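The values are calculated or read from the model by the stated rules, or taken from the named source; none is laboratory data. In this text, all values refer to a predicted model and were calculated from it rather than measured experimentally. Reconstructed Cβ throughout: ideal geometry from the backbone, glycine too, with neighbour counts over all protein chains shown.
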Amino acid sequence: MPQPLAAWRIILPLGIGTALSLMGDASMYAVLPTHTAVAGVTLVSVGILLSANRWVRLAANNVIGWLSDRQPKRQIFVAALFLGALSTAVYAFTSGFWPLFAGRLLWGIAWAGIWVAGNGIILTAAPLAVRGRWVGYYQISFFLGAATGAFLGGLLTDWLGYHQAMMAAAALSFVGALQAWFFLPKEIGDWRLEIGGEQIPISDPQSFDIAQDRSPVSPPIRWPELISATAVLGINRLVIAGIFVSTLGLYLAGLWGESVQVYGRTVGVATLTGLALSANTLISMIFTPLIGSLSDRAGNRWQVVGGGLVPGIVGFGLLALSLPFSLLVGLPLTSITSSSNQGLSTALMGDLSGGKRHGRSLGALYTVGDLGSAIGPMLAFAVLPIWGISTLYSLNVLLFAGLLVTALYWVKTSK
């Protein structure tokens, strides 16, 4: 069924605003660990700065969700985009720990508003028949924004300098906020969608969904399995978003130094870090729907969870060797596991929680994910001076191996 024009009038402004809002945050992960002097911070404080936004989201997510049920979601979304641009401007025009810490807290609040309200707009506007497709399109904006921001931030930092790169990121975020303000429709009450050749009004999307999808009575919660599914996302976010992303720049600098020669041109470590983070995100974007479809056909998602963990175990084992070829093989393997854990943990939560508990269960799931993301950078930069990066990546192997044992247990239990 072709997507109606009305759908793109919602999805495009939302997606563009969301993608451009990520320019500053993605750039910080790519360049701050290797540009501490110009940013006026110490290496130890980098972990605090890169996790501060995630800590504040532990509270902000619930507050924004509460507001979104009582205030127009469009207003919250657009206001959050402007707040995100302001937070990036703080990176650009200040130095030192406390100004950057304030900027990171602002970004955490802004991202809670962008992501919660943005997804809320999609769920409100999209009828059940195309809701998954609309949500999928919107998710692409996150992947593209994170990948583009990491690469562009690293590239501009090497070309122009740290503060100039953040100025560019702030300008792009501001443009994204402006276009959402101008082009995101204020009302969705007049949209109509063609389903089965019939024009269906969706002025009241909730009543349309109720007519199409009468949720079954929720089954008893299988708490041990539910906690295991939550651990899949929590440990994945700890390992990938927390430890790996925040230390990748230092890992590359340890392998190749501050720059490498590529076809006679000098390429800085910030550019290489941005490129590697972009590749990680793009690989995850490709594999997430593929692995989800495989789990649908397999009939037992835990089997696919277990299989998806194997590449990550091998990948981090290779990265721990700190050999030049390790990144070329290890990075794609860890990206596959990241995408598997990210998608399948959500699918498992839907399987286990029942229709009437989806919202609460997913809220708890993403809160645990944010907690893992927040702890990761602090843990990494606290133990790096003692353990070194190879030992740290070996810890990632053990964490994924523990998840593999858990997945195999649930495979055996379900037989």
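Does VAL269 fit the bill of being within 22 Å of VAL411 (Cα to Cα), surrounded by 23 or more Cβ atoms within 10 Å (Cβ to Cβ) and assigned by TED's automatic domain parsing to the domain that holds LEU321?
Answer is no for this residue.
Quick one: would you say ILE386 is on the phi < 0 side of the Ramachandran plot, without any contact (Cβ under 8 Å) to a residue 24 or more places away in the chain and either part of a helix (DSSP H, G or I) or among the aromatic types (Phe, Trp, Tyr) (or both)?
So ILE386 passes the test.
Picking from VAL31, VAL90, which residue would you name as being at pLDDT 95 or above, in contact with a helix residue (DSSP H, G or I) (Cβ under 9 Å, 6 or more places away or on another chain) and not basic (Lys, Arg)?
VAL90
Of all residues in the stretch 305-323, count the ones that are more than 16 Å from LEU238 (Cα to Cα), in contact with a helix residue (DSSP H, G or I) (Cβ under 6 Å, 6 or more places away or on another chain) and in contact (Cβ under 8 Å) with a residue 40 or more places away in the chain.
Of the residues in the stretch 305-323, 6 are more than 16 Å from LEU238 (Cα to Cα), in contact with a helix residue (DSSP H, G or I) (Cβ under 6 Å, 6 or more places away or on another chain) and in contact (Cβ under 8 Å) with a residue 40 or more places away in the chain.
Tell me which of these GLY402 doesn't satisfy, since it passes every other one: (1) at pLDDT below 90; (2) surrounded by fewer than 22 Cβ atoms within 10 Å (Cβ to Cβ).
(1)
Restrict the check to the stretch 22-29 and report whether at least one residue is part of a helix (DSSP H, G or I), surrounded by fewer than 21 Cβ atoms within 10 Å (Cβ to Cβ) and among the aliphatic types (A, V, I, L, M).
No; the residues of the stretch 22-29 include none that is part of a helix (DSSP H, G or I), surrounded by fewer than 21 Cβ atoms within 10 Å (Cβ to Cβ) and among the aliphatic types (A, V, I, L, M).
Here are THR18, THR42: which of them is within 20 Å of GLY149 (Cβ to Cβ) and not assigned by TED's automatic domain parsing to the domain that holds LEU275?
THR18
Checking the structure you have, find out if any residue of the stretch 339-346 is farther than 16 Å from VAL239 by Cα and modelled with pLDDT under 90.
Looking for residues that are farther than 16 Å from VAL239 by Cα and modelled with pLDDT under 90, one finds at least one in the stretch 339-346, hence yes.
Can you list the helices (runs of 4 or more DSSP H) found entirely within the stretch 236-330 that contain at least 3 residues being over 19 Å from ALA30 (Cβ atoms) and modelled with pLDDT under 80?
269-298
Looking at the stretch 368-393, which of its residues are among the polar types (S, T, N, Q) and surrounded by 17 or more Cβ atoms within 10 Å (Cβ to Cβ)?
SER373
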